[in-house]
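Chemist: One structure follows; several queries about it will come next.
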Amino acid sequence: MQNIQHEFQYDLLVIGGGSGGVRAARMAAQRGARVALVESGALGGTCVNVGCIPKKLYSYAAHYAEAFEEAHGYGWSMAEKPRLDWERLKANRATEISRLNGIYQNLLSNAGVTIIAGWAQLIDANTVQVNAQSYSANKLLIATGGTPMLPEISGKEFILSSDQIFDISPFPQRLLVVGGGYIACEFASIFNGLGAQVTQVYRGEQVLRGFDEDVRHFLANEVRKAGVDLRLNADVATIERQSDGLQITLKDGTNMTVDAVLYATGRVPKVSNLGLENAAIKQSSSGAIIVDQNYQSSAPSIYALGDVTARIQLTPVALGEAMQLVDHLFGDGSKKMDYELIPTAVFTHPNIATVGYSESDARAQFSKIRVYRSEFKALKHTLSGSTERTLMKLVVDDASDRVVGLHMVGADAGEIVQGFAVAMKAGATKALFDSTIGIHPTAAEEFVTMRVAVGE
């Protein structure tokens with residue numbers, strides 16, 4: 001094992017108990033390093049506490065409402081209309097999150113990591129202060145994640161962030177969601193499914209900037225069909241408290257009254273009050289810590305990974321970065337994080353999953369491409385009565401025949417695309433897709449049965 005020094009209290013001190021921080025601390029301790037982890041909140045970070053996990057649980061809850069309605073087409077009837085017990089859902093979610101917090105605690109403790117509760121501030125490049133006590137380490141890792149960005153508008157005090165929406169009380173019968181990214185779209189779908197009257201406003205021309213154009217337009221059409229009042233090229237001017245709710249005035253002069261306003265207009269690195277200036281750590285214009293290929297900051301003894309570096313803000317990416325960093329600091333340095341073909345999912349209703357290039361990015365990258373596209377009603381909905389449709393799309397580099405982009409909008413898209421991501425990492429060609437026998441009847445088989453290109 002390399003780089004173990006004993007003039008400090010610890011070999012590695014991690015600031016932040018989210019996915020990346022916990023993984024780095026645990027793996028380093030298992031290699032024999034003396035490790036401490038500082039966290040001011042609940043272990044697990046955004047993903048476990050106010051992100052991926054609770055959001056997916058609420059998405060499941062919303063899908064039950066759809067299932068109850070669709071069951072009629074399959075011969076099922078109910079004596080009375082199902083009713084959501086919002087407080088029970090919140091309590092059950094909180095119980096599960098608490099269980100996960102405990103698992104993280106045990107993983108760290110069993111690995112020998114010292115857990116320090118409190119907010120860490122850098123004193124210098126090897127020292128932090130927590131609750132008026134100093135701790136030193138040969139290497140420091142900053143993995144504090146990100147935090148919601150809220151606008152400076154009249155009525156800001158009435159705004160909820162994505163961190164706060166999980167425990168809103170009472171359930172908002174009328175909800176305004178502001179934003180067009182994946183977080184905004186997910187919560188608009190979730191609360192629409194749970195029974196709220198949802199209006200989503202986005203100042204851009206279409207939601208989900210950065211995703212494939214077909215995916216963006218298809219999803220927008222589907223959520224509108226499902227009941228979300230999606231308004232593009234729109235933004236909020238003011239928010240005022242009235243006797244019957246929150247009075248919203250849009251910049252075009254339109255007014256509406258809602259019970260709650262959720263802003264999901266982006267996240268910024270969580271770096272406030274860390275004392276980065278005390279170690280002369282360089283940051284980007286957004287506040288993100290600038291790091292090299294080994295996650296080393298401008299201060300040689302300080303490293304950073306995950307959302308605080310504002311590169312690819314996904315939990316599995318932070319986990320992969322943590323593994324590479326531990327190998328770099330305490331191993332042979334052979335492990336490298338591969339940022340190519342990272343799959344991702346958006347838990348809107350219907351789901352989105354994608355891996356690789358969008359059509360427009362592929363056209364910029366490759367001299368010639370072929371595009372395969374299929375849109376259909378899933379077998380389930382031939383009897384369910386739902387008008388939901390599914391979109392599947394392949395982007396192929398014509399010169400090599402490699403599938404370089406794969407996109408889906410439809411039920412369980414994440415579950416389907418994960419497997420195809422493995423094939424694409426292995427360099428699968430369109431000919432290989434074509435030679436693969438599909439599983440029938442499934443939606444997934446469409447990816448191996450598309451034969452005619454719709455564009456070049």
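The values are calculated or read from the model by the stated rules, or taken from the named source; none is laboratory data. Since the structure is predicted, the reported quantities are computational estimates derived from the model, not experimental observations. Cβ sites come from the backbone with ideal geometry, for glycine too, and all protein chains shown count toward neighbours.
Chemist: Which condition number does THR254 fail, the rest of (1) without any contact (Cβ under 8 Å) to a residue 24 or more places away in the chain; (2) touching a strand residue (DSSP E or B) at 6+ places or on another chain (Cβ under 7 Å); (3) more than 30 Å from GLY145 (Cα to Cα); (4) β-branched (Val, Ile, Thr) being met?
Modeler: (2)
Chemist: May I ask you to list the residues in segment 375-392 that are closer than 17 Å to THR442 by Cβ, out of contact with any Gly (no Cβ under 6 Å at 6 or more places or on another chain) and surrounded by 17 or more Cβ atoms within 10 Å (Cβ to Cβ)?
Modeler: Matches in segment 375-392: ALA378, HIS381, GLU388, ARG389, LEU391, MET392.
Chemist: Further question on the same structure: Could you grab me the full set of residues in segment 250-307 that are at positive phi and out of contact with any Leu (no Cβ under 6 Å at 6 or more places or on another chain)?
Modeler: Selection gives GLY253, GLY266, ASN273, ALA280, GLY287, GLY306.
Chemist: Out of everything in segment 406-447 that is surrounded by fewer than 18 Cβ atoms within 10 Å (Cβ to Cβ) and β-branched (Val, Ile, Thr), what residue ends up being nearest to ALA345 (Cα to Cα)?
Modeler: VAL422
Chemist: Would you check which residues across segment 207-266 are of a type in the set (Ser, Thr, Tyr) and within 18 Å of LEU160 (Cα to Cα) and list them?
Modeler: The answer is THR238, THR249, THR257, TYR263, THR265.
Chemist: Among what's in segment 118-168 and is of a type in the set (D, E, K, R) and assigned to a loop (DSSP other than H, G, I, E, B), pick the residue that is nearest to TYR10 (Cα to Cα).
Modeler: ASP163
Chemist: When you go through VAL355, VAL326 one by one, which is the residue that is in contact (Cβ under 8 Å) with a residue 60 or more places away in the chain, in the same structural domain as THR144 (by TED's automatic domain parsing) and not charged (D, E, K, R)?
Modeler: Unique residue meeting the criteria: VAL326.
Chemist: In addition: Check GLU240, GLU213, GLU205 and return the single one that is more than 29 Å from the chain's Cα centre (by Cα), touching a residue at least 12 places away in the same chain (Cβ under 8 Å), surrounded by fewer than 16 Cβ atoms within 10 Å (Cβ to Cβ) and not assigned by TED's automatic domain parsing to the domain that holds VAL404.
Modeler: It is GLU240.
Chemist: What residue, of ASP327, ASP332, is over 24 Å from ALA444 (Cα atoms), in contact with a Lys or Arg (Cβ under 7 Å, 6 or more places away or on another chain) and among the charged types (D, E, K, R)?
Modeler: Every option except ASP327 fails the conditions.
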